[in-house]
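Worksheet: the structure to be examined is printed underneath.
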Amino acid sequence: MQGLMTLFLILSPMFVGFALPSHHKVVALSERLLGYIVFALLIIIGIELGLEKNFTKELSNIVQYVGVLLLLTIGLGSISLIAFDKITHRRQQQQTARTNPQHQPSLTGSLAQLGCLAGGFILAKILPTHLLPPNGSTTALLMALLLLVGISLKGSGVSLRQAILNKQGLQISIIFILSTLFAGVIFASIFGEVSLFKGLALASGFGWYSLSGSIMTDNYGAIWGSVALLNDLGREIIALIFIPVVMRYSASSAIGLGGVTSLDFTLPTIINAGGTQIMPVVISFGFITNVISPILMVFFSSLG
C-alpha cells in the first residue's frame, strides 16, 4: 500500500500537467524552468553524495556498477533493435539519411550537469549543516519536475493515443523497454547485493538522469542514486557521440540509443543523422518512454 501511495504521490504531478490546458507561453516557461530544476536536483544529489560517509570506500564500487550497468543497458537495447531491423528487413538508414558531415555532438550540457553534481559535493563539505537543503527537498523538486514534464509533453502536440498508433514507434519502444529491463535482471544476478527489483529500478531510467538519480537516492541512498545518475548521463553522452554512426546501420538502434532524451536533448542529433522522415517514429518512441520510465522506476523501487 505504501508503494502505491508513493507511486501516486510522485507521478500524479506529471499527469496533472498533461491534463492542463496547453498554452504556448506556459509551455515555453515550463521548458525554461525544467532546466533550472534539473540543475537544482543535481546539486542536491551532489550534496547528499558529499554527506555520504562511505563515499570514498564505495568509489571503486560505483565505477564498477556504472560500467557494468551502462554496458548491459546500452548493449542489450542496441543489439535487440539491430536484430529488429534485420528481421523486419528495414532498409539500412544510410540509403535515406541526410547526414551532415560537419555535425559535432554538443557535450557542453552534459559537462554542465556533471559540474552541478561536483558543485553539490563540494558544498556538502564546506557548508554547515543548517545551511544545507532540508529533508524532502529532493521529493519536492522531483514533483515540480514531473509537473513541468507533463506540461511540456502536452505542449509537444502529440497525444498518447497518437504516439501509440505509430506502429514502428510502439514496436521500438516495447523492444527497447523489455531488453533494457532484462539488462537490469542480469545486473542483479551479477551483483549479489543488488535485489531483482533494485536492478529493474536502476535499469528503468532509460537516460533520464535527473529523475533516476533522485528516485534512487530517495529509495536506496546517495551511492545508488549516483550510480543511476551516472549510468543515465553516460547514455546521453554516448548517444550524442555514436548516433550518427549507428544510424548508418540501424535507425531503430540509433533512436533507442538516446532513450528518453530522444524527445529533447538528442533529438537534433537523431534528425540530423537520420533525416526528417523518421521524426514521427522518434516522437512516438520518446513520448512513450518518457511516460513509462517514471512509472517503472517508482514501481520497482517501491518493491525493494
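The values are calculated or read from the model by the stated rules, or taken from the named source; none is laboratory data. Computed from a predicted structure; not experimentally measured. A quick note on method: Cβ atoms are made from the backbone with ideal geometry, for glycine too, and the neighbour counts reach across all protein chains shown. Each accessible area value is taken on the protein alone, full model and side chains, heavy atoms only, with ligands, DNA and RNA left out. Shrake-Rupley method; radii C 1.70, N 1.55, O 1.52, S 1.80 Å.
A few points about this structure:
- Projecting the Cα positions of L11, L141, S214 onto the charge dipole of the chain (unit charges on Cβ atoms of Lys, Arg, Asp and Glu, taken about the Cα centre) puts L11 furthest along the positive direction.
- Solvent-accessible area of T276 with every protein chain in place, 1.4 Å probe, in Å² to the nearest 10: 100
- Ranked order, L117, L123, L131 - accessible area, probe 1.4 Å, largest first: L131, L123, L117
- Helix 279-303 axis, angle to the chain major axis (alpha carbon atoms, nearest 10°): 30
- Helix axis angle, 137-155 relative to the chain longest principal axis, alpha carbon, degrees: 20
- Label-to-label distance for T139 and S189 is 3.6 nm, based on points extended 7 Å past Cα in the beta-carbon direction.
- Spatially close lysines, pair count over the chain: Cα under 30 Å, gap of eight or more or interchain: 8
- Debye equation applied to the C-alpha atoms of the chain, log10 I(q)/I(0) at 0.10, 0.13, 0.15, 0.16 Å⁻¹: -0.53, -0.90, -1.21, -1.37
- Size of charge dipole - the chain - debye, nearest 20, with Cβ of Lys, Arg +1 and Asp, Glu -1, no other charges: 700
- Heavy-atom accessible area ranking, 1.4 Å probe, most first, across R161, R235: R161, R235
- Angle in degrees between helix 55-87 and the longest Cα principal axis of the chain, rounded to the nearest 10: 20
- Inter-label distance, nm, simple model (7 Å from Cα along the C-beta direction), H23/I126: 4.2
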